[in-house]
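**Student:** Sharing a structure, written as structure tokens. Questions coming.
The values are calculated or read from the model by the stated rules, or taken from the named source; none is laboratory data. The structure displayed is predicted, hence computed values, not measured ones. When we count neighbours, we look across all protein chains shown, and the Cβ atoms used for this are built from the backbone with ideal geometry, even at glycine.
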Amino acid sequence: MADGSDVYAVFLKVLETQGISYFVTGSVASSAYGEPRFTQDLDLVVSLSSGSIDDFLAGFPSSDFYVPPEPTLREEASRTEGGHFNLLHQDSGLRADVYLAGDDELHAWAFEHLRRIQLSEDLEVWLAPPEYVIVRKLEWMSAEAGERHREDVRHMIRLCGESLDHEFLARQVRARGLEVAWDEVQG
């Protein structure tokens, strides 16, 4: 990836080493599928169960990272939907927004359709499929007026084109009431 996202290897190497299921999404993913742009944080979806919290914490020692306390992680991991927390690399100030997979059907679909990409010379990582990224960005567009999300989706559609699963996108747009946002990015 040519957008400098390899700086996020500080987080991704840990997940890879610990064998924790995850994928990169958000602006880093849309940059991989569309037009590269600078982003200040890394968005991750992580499958974190109560049984994997100890491994997660071992990979992110408090001497190097801000990680929420263990009880907070357990509480977030117990949510069936909407679990979220932040990680902060203390030396660089880099932040990762971690969204927990829970029972979210779109997360489950994404985990089944992940893409493996070469992030840097010595690191391959899991990237959300472009359809997932588009749907999530459409949701953000509907929740807030975000020109950057709109442009990200437009670039992804232009560059991914026919390789996108247009039937899947149409079903998700209808099911999630995203027709207005979808029409905006099509025009």
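**Student:** Residues GLU147, GLU139, GLU81: which one is in the same structural domain as SER62 (by TED's automatic domain parsing) and either more than 13 Å from the chain's Cα centre (by Cα) or without any contact (Cβ under 8 Å) to a residue 12 or more places away in the chain (or both)?
**Tutor:** Selected residue: GLU81, the only one of GLU147, GLU139, GLU81 that is in the same structural domain as SER62 (by TED's automatic domain parsing) and either more than 13 Å from the chain's Cα centre (by Cα) or without any contact (Cβ under 8 Å) to a residue 12 or more places away in the chain (or both).
**Student:** Within region 92-150, restricting attention to residues that are over 21 Å from ALA175 (Cβ atoms) and among the acidic types (Asp, Glu), which residue is surrounded by the most Cβ atoms within 10 Å (Cβ to Cβ)?
**Tutor:** Checked region 92-150; the qualifying residue surrounded by the most Cβ atoms within 10 Å (Cβ to Cβ) is ASP97.
**Student:** Step by step: first the residues of region 61-71, then only those that are not hydroxyl-bearing (Ser, Thr, Tyr) and not in a loop (DSSP other than H, G, I, E, B), then the one that is surrounded by the most Cβ atoms within 10 Å (Cβ to Cβ). Which residue is that?
**Tutor:** Taking the candidates together, the pick is PHE65.
**Student:** Give ALA58, ALA9 a once-over and let me know the one that is surrounded by 15 or more Cβ atoms within 10 Å (Cβ to Cβ) and either in contact (Cβ under 8 Å) with a residue 24 or more places away in the chain or not in a loop (DSSP other than H, G, I, E, B) (or both).
**Tutor:** On the way: ALA58 fails: surrounded by 15 or more Cβ atoms within 10 Å (Cβ to Cβ).
The match here is ALA9.
**Student:** Taking the condition of a type in the set (Lys, Arg), on the phi < 0 side of the Ramachandran plot and either touching a Lys or Arg at 6+ places or on another chain (Cβ under 7 Å) or free of Cβ contacts under 8 Å to residues at least 40 places away in the same chain (or both), does ARG158 pass?
**Tutor:** no
**Student:** Which members of region 28-54 meet the condition of being in a helix (DSSP H, G or I) and either surrounded by 21 or more Cβ atoms within 10 Å (Cβ to Cβ) or at pLDDT 90 or above (or both)?
**Tutor:** Residues satisfying the conditions are VAL28, ALA29, SER30, SER31, ALA32, TYR33, ILE53, ASP54.
**Student:** Of all residues in region 12-48, how many are free of Cβ contacts under 8 Å to residues at least 60 places away in the same chain and among the acidic types (Asp, Glu)?
**Tutor:** Total meeting the criteria: 2.
**Student:** For region 105-117, name all the residues that are in contact (Cβ under 8 Å) with a residue 12 or more places away in the chain and either in contact with a Leu (Cβ under 8 Å, 6 or more places away or on another chain) or part of a loop (DSSP other than H, G, I, E, B) (or both). Reasoning before the result, please.
**Tutor:** Of region 105-117, the ones in contact (Cβ under 8 Å) with a residue 12 or more places away in the chain are 106-107, 109-111, 113-115, 117.
HIS113, LEU114, ARG115, ILE117, listed by residue number.
So that you can scan it fast, the table gives a plain yes or no per residue for (1) in contact with a strand residue (DSSP E or B) (Cβ under 9 Å, 6 or more places away or on another chain); (2) not in a helix (DSSP H, G or I):
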position	(1), (2)
ASP103	no, yes
LEU119	yes, yes
VAL125	yes, yes
TYR132	yes, no
GLY161	no, no
VAL173	no, no
GLU184	no, no
